[in-house]
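These notes are about the structure you will find just below.
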Amino acid sequence: MIQDPSLIFFEDVDGAPLQVGEVVRIVNDSEDGSIGRRFLGQTGVVVGFVYDDPESQFPGDPLVQVRVPGMGEDLFFAAELESVPVSETRVLGDVPESEFLARGPWR
């Protein structure tokens, strides 16, 4: 049996670059062009952290799991994400606020 050493968290991790529930925008900071084009410029919410090499990544360099309403979830490097101020989250159009902001630190 192969054991996977990955650590996956669906709650805040002290020392992580973002918080679960934080609203982020996916930006093109990827040096290798690994971001799916459909996610570029989209706004989503952080739902988890994946440390596939915990010894070198924990706690400050996780892959960040982001849920984009209507598009699904994907993993991103923290450098590929920028925080969205709470004041900008009201312009999300048809996305139900409860779905998008349910776990935000501002509640």
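The values are calculated or read from the model by the stated rules, or taken from the named source; none is laboratory data. For clarity, every value in this text was computed on a predicted model and none was experimentally measured. Counting neighbours? That spans all protein chains shown, and the Cβs are built from the backbone with ideal geometry, glycine included.
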Legend entry - Selected residue (only one of Gly104, Gly60 is at pLDDT 95 or above and touching a Gly at 6+ places or on another chain (Cβ under 7 Å)): Gly60
Legend entry - Members of the range 67-88 found to be surrounded by 13 or more Cβ atoms within 10 Å (Cβ to Cβ) and in a loop (DSSP other than H, G, I, E, B), listed by number: Pro69, Met71, Val84
Inset, instruction - Among the residues of the range 28-66, write down those that are crowded, with 16+ Cβ neighbours inside 10 Å and more than 18 Å from Ser6 (Cβ to Cβ). - result: Ile35, Phe39, Gln42, Thr43, Gly44, Val45
Legend entry - Glu55 being acidic (Asp, Glu) and modelled with pLDDT of 90 or more: yes
